[in-house]
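For reference, the structure discussed in these notes is given below.
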Amino acid sequence: MTMPSWVSGEESKPAPMPLLLVQSFVNTWDGDHNSDLLLDPATARDWLTEAGLWSAERAPDPVELHRARAVREGIRAMLAANSGGPALEPDDVKPLQAVARAERPALQVDPNGHVTLEADPADGLLTLLLVIRDAQRDGTWPRLKACGNPDCRWAFYDRSHGQVGAWCDMATCGNRIKNRRLRQRPR
Ligand SMILES: [Zn+2]
């Protein structure tokens with residue numbers, strides 16, 4: 001399967017579309033390589049435009065980038081809760097609530113009578129919220145998780161039976177954490 005250009009080459013457990021968009025947005029921060037695609041305005045514009053989350057000619061300004069990163073970390077906290085990690089704190093979802101308050105999706109009816117709720121292409125963060133909403137309704141949302149390795153926190157899609165997956169990759173993060181626990185075990 002070929003992945004869209006905006007999906008990280010490191011993505012070993014991709015979510016189905018369009019939830020893949022939310023996953024890739026969260027994974028614009030890569031703790032393993034200490035890189036962040038939403039830090040530099042030109043880099044951020046390129047990635048967001050490719051992903052269809054930005055339509056302006058200009059690059060996002062520092063305030064917009066700050067907001068995008070805050071929403072990203074809010075979503076990551078939601079994914080950690082999906083993985084059985086810490087419960088959500090009110091502050092975690094505040095950036096998403098601010099987007100929901102500020103932006104209005106448009107209700108549309110297409111020629112076939114399908115009723116859809118759509119965001120303006122310029123409102124990338126609202127687009128992400130709509131994707132999350134749909135995933136919460138179709139049942140795929142609980143499978144999108146954050147890796148249990150605190151140094152990693154990569155978003156992965158858990159296809160396991162019973163949704164028991166805890167690591168973005170068993171061979172890397174899973175074993176790393178197990179080895180760490182073994183070392184820490186008192187003799
Ligand atoms: Zn990981």
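Within the range 103-124, the residues that satisfy the criterion of being outside any strand (DSSP E or B) and of a type in the set (A, V, I, L, M, F, W, C) are 119, 122. For residue 54, the criteria (1) under 17 Å from residue 121 (Cα atoms); (2) open to solvent by 40 Å² or more (accessible area, probe 1.4 Å); (3) not acidic (Asp, Glu) hold in every case but one, which is (2). Residue 165 satisfies every condition listed in (1) under 20 Å from the mean Cα position of the chain (by Cα); (2) within 9 Å of the ligand (Cβ to nearest atom); (3) open to solvent by less than 30 Å² (accessible area, probe 1.4 Å) except (2).
A quick yes/no check of all residues on (1) closer than 26 Å to residue 142 by Cα; (2) in a loop (DSSP other than H, G, I, E, B):
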| position | (1), (2) |
| --- | --- |
| 33 | no, yes |
| 38 | yes, yes |
| 60 | no, yes |
| 68 | yes, no |
| 80 | yes, no |
| 88 | yes, yes |
| 91 | yes, no |
| 101 | yes, no |
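Of the residues making up the range 14-45, those that are farther than 21 Å from residue 129 by Cα and either free of Cβ contacts under 8 Å to residues at least 12 places away in the same chain or surrounded by 18 or more Cβ atoms within 10 Å (Cβ to Cβ) (or both) are 33, 34, 35, 40, 43. Counting the residues of the range 122-132 that are modelled with pLDDT of 95 or more and surrounded by fewer than 14 Cβ atoms within 10 Å (Cβ to Cβ) gives 0.
Take residue 181 and tell me if it is in a helix (DSSP H, G or I), more than 20 Å from residue 11 (Cβ to Cβ), open to solvent by 90 Å² or more (accessible area, probe 1.4 Å) and within 16 Å of the ligand (Cβ to nearest atom). Let's see the steps before the verdict.
Values: in a helix (DSSP H, G or I): yes; more than 20 Å from residue 11 (Cβ to Cβ): yes; open to solvent by 90 Å² or more (accessible area, probe 1.4 Å): yes; within 16 Å of the ligand (Cβ to nearest atom): yes.
Judged against the criteria, residue 181 is a match.
The numbered conditions (1) more than 14 Å from the chain's Cα centre (by Cα); (2) open to solvent by less than 50 Å² (accessible area, probe 1.4 Å) are all true for residue 67 except (2).
Of all the residues that make up the range 125-162, how many are of a type in the set (S, T, N, Q), more than 10 Å from the ligand (Cβ to nearest atom) and part of a loop (DSSP other than H, G, I, E, B)? Break it down into steps so the answer makes sense when it comes.
The first filter runs over the range 125-162 and keeps only residues of a type in the set (S, T, N, Q), leaving 127, 136, 140, 149, 160.
Remaining after also requiring more than 10 Å from the ligand (Cβ to nearest atom): 127, 136, 140, 160.
Filter once more, keeping what is part of a loop (DSSP other than H, G, I, E, B): 140, 160.
Going through the range 125-162 one residue at a time, the tally reaches 2.
The values are calculated or read from the model by the stated rules, or taken from the named source; none is laboratory data. Keep in mind that this is a model prediction, so the values were computed, not measured. So basically every Cβ, Gly included, is an ideal-geometry build from the backbone, and we count neighbours across all protein chains shown. To get the accessible areas, we keep the full protein, side chains included, count just its heavy atoms, and leave off ligands, DNA and RNA. Shrake-Rupley method; radii C 1.70, N 1.55, O 1.52, S 1.80 Å.
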